[in-house]
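A short worksheet on the structure shown next.
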Amino acid sequence: MERVAILDAFPSVEDYNRLRVAVGWRAYAPDVIETYLPRSLFCTCALDGGKTVGMARVIGDGGLVFYIQDVIVLPAYQGQGIGGRLMDRVMVYLRFQTHTGSIIGLMSAKGKEPFYEKYGFTVRPTDALGAGMTMFWREEDGA
């Protein structure tokens, strides 16, 4: 029996920030997480004895466009297949929610592209697809 269980659920606000910080990503204000994390279409967590050690979620409009976000496994648990188990759950969710032509996107951390290629994702840019682009919004960017 595997020690780490995969459960379709949302992490707590504290666990969400703890996971993000553990992999070098920035934390969010707790009130922002409380408001917006539950708006995700799907979320699954990896638990070791009740401790959240990983997560993955899907955001989007629920039919035309889906985006895989926050695929995170604590560094001490990486290399044990947990990320793959989380992605397997995400792909099952997507299999039952998508339609012909639905777009599924994600941003890979540098060096993790081969992990996502196993699930059928294409590294960009290609001759047909430009490079993905990102902007991190700041208050001073707004009007």
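Near the amide H of Ile104, under 5 Å away, which other amide H atoms are found, from residues 5 or more places off or on another chain, if H is placed in the peptide plane?
Correct list: Phe66.
Return the sequence-ordered ³J(HN,Hα) values of region 20-34 in whole Hz as given by the Karplus equation 6.51 cos²θ - 1.76 cosθ + 1.60 applied to θ = phi - 60°, using x for Gly and Pro.
For region 20-34, the Karplus curve yields 4, 5, 4, 9, x, 9, 7, 7, 10, 4, x, 5, 5, 4, 4 Hz.
As an exercise, find the ratio Rg/Rh for region 8-66 from alpha-carbon atoms, using the Kirkwood inverse-distance average for Rh.
Ratio of gyration radius to Kirkwood radius: 0.98.
Check each of the trypsin sites (Lys or Arg not before Pro) in region 9-85 and keep only those in coil by DSSP with at most 16 other C-beta atoms within 10 angstrom; list them in order.
Arg26
Amide H neighbours of Leu41 under 5 Å, at least 5 residues apart or on other chains, H built in the peptide plane: list them.
Here the answer is Val58, Ile59, Gly60, since their amide H atoms fall under 5 Å of that of Leu41.
May I ask for the Kirkwood hydrodynamic radius of the chain, worked out over all distinct Cα pairs and given in angstroms to one decimal?
16.3 Å
Read-outs: derived from the displayed coordinates by stated rules, not from any lab. The structure presented is a predicted model; accordingly, all values stated were derived computationally and were not measured. All Cβ positions, even for glycine, are placed from backbone atoms using ideal geometry, and neighbour counts span all protein chains on display.
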